[in-house]
Amino acid sequence: MGTPRVLMSVTMVTGFRRCIPFAAILLVATAVSAHAVDEIQVYNAEIAKVGQWTFQLHNNYAFIGRKEPDFPGGLIPNHALNGTGEWAWGITDWWEMGFYTPYAVDQELTPYSNAAKIRQLFVIPNAAEREFFYGVNFEFSYAMPQFSETRWNMEIRPIVGWRKNDYEFIINPIVDLGFGQNGGAEFVPAARFARNLGENLAVGVEYYTDLGPLQRWLPFNEQQHNIYAVVDFKIGRFDVNAGVGYGLTPGSDRLMYKMIIGTDLTESVSDKSNEGSKTLRRPESRLSGSFRP
């Protein structure tokens, strides 16, 4: 009788240890983790050349936004400008690292810094030349109190896309995690459908949502659903993505504007990765603006 009891105890302890990581995840996901959005973008799995630095400036402005903060002490979205600078470096033909400096200006024209974020992006090589492409991005951030209920946050962003001739469809089923007492796990998927109209011009539709906690979505009227009409074009060495967004639910900002301006900082670097740009385009095109890898 002693041996079976010992084996049962060992099995229970082993099972308990295996459950600890899952319990931790469930604990994190017990609340909503509200935060300001400085990057409105669909990633497309294209990355900087090996050894190359790129820079993007993101900005979005709520012409008609929500008039209450997402949490006590948070920024009021209405008439607020959110943005970030983003530096990226190509490490290999499948790995890119990025660094962010988020900021905001509220409706009283008071500026705020939101500390910093870093990300690690892993993709299938030569995504620009593939009909089917994929990747995953991990983003880690330290947030200030006006921007998030939790100081430490993480974004997990899978990337799945299809390209055929001049058309492209991409989905990013994003999960945002906040760690700590007010932490949570939110499902915030995004998608893009676009058409290339020429070497340096593309138009499309992007869809951004915030459905609420993973374990129990918010009622539809409280969810965020924003649809953007977007255009991509090139001015000299700068790639531009601009869009106007409309909120479809009472929980959404009603009228938004966004713009992303990007450029290569080390154009002379030889590369083992894709030569093309970072936006929707055919392999011979030179559009590289907004749609971050």
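The values are calculated or read from the model by the stated rules, or taken from the named source; none is laboratory data. Keep in mind the model is a prediction, meaning the values are calculated, not measured. As a convention, Cβ positions derive from the backbone with ideal geometry for all residues, glycine included, and neighbour counts pool all protein chains shown. The protein model used for the area step is the full one, side chains on, heavy atoms only, and it has no ligands, DNA or RNA in it. Shrake-Rupley method; radii C 1.70, N 1.55, O 1.52, S 1.80 Å.
Below, the figures for the structure above:
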{"read-out": "Count of segment 139-170 residues which are open to solvent by 20 Å² or more (accessible area, probe 1.4 Å), farther than 26 Å from residue 232 by Cβ and among the aromatic types (Phe, Trp, Tyr)", "value": "3"}
{"read-out": "Strands (runs of 3 or more DSSP E) enclosed by segment 111-198 - at least 1 residues per element that are of a type in the set (D, E, K, R)", "value": "116-123, 132-142, 152-164, 167-172, 175-179, 184-187, 190-198"}
{"read-out": "Condition broken by residue 216, with the remaining ones in (1) closer than 16 Å to residue 251 by Cβ; (2) at pLDDT 95 or above satisfied", "value": "(2)"}
{"read-out": "Output for segment 82-127, where each listed residue is open to solvent by 30 Å² or more (accessible area, probe 1.4 Å) and farther than 22 Å from residue 263 by Cα", "value": "105, 107, 108, 109, 110, 111, 112, 113, 115"}
{"read-out": "Residue 187 being of a type in the set (Phe, Trp, Tyr) and either touching a residue at least 40 places away in the same chain (Cβ under 8 Å) or within 24 Å of residue 80 (Cα to Cα) (or both)", "value": "yes"}
{"read-out": "Unique match (being under 30 Å from residue 254 (Cβ atoms), over 21 Å from the mean Cα position of the chain (by Cα) and at pLDDT 95 or above) among 79, 58", "value": "79"}
{"read-out": "Condition check for residue 262: surrounded by 16 or more Cβ atoms within 10 Å (Cβ to Cβ) and part of a strand (DSSP E or B)", "value": "yes"}
{"read-out": "Looking only at segment 38-81, and only at residues there that are surrounded by fewer than 20 Cβ atoms within 10 Å (Cβ to Cβ) and among the β-branched types (Val, Ile, Thr), the one that is farthest from residue 161 (Cα to Cα)", "value": "76"}
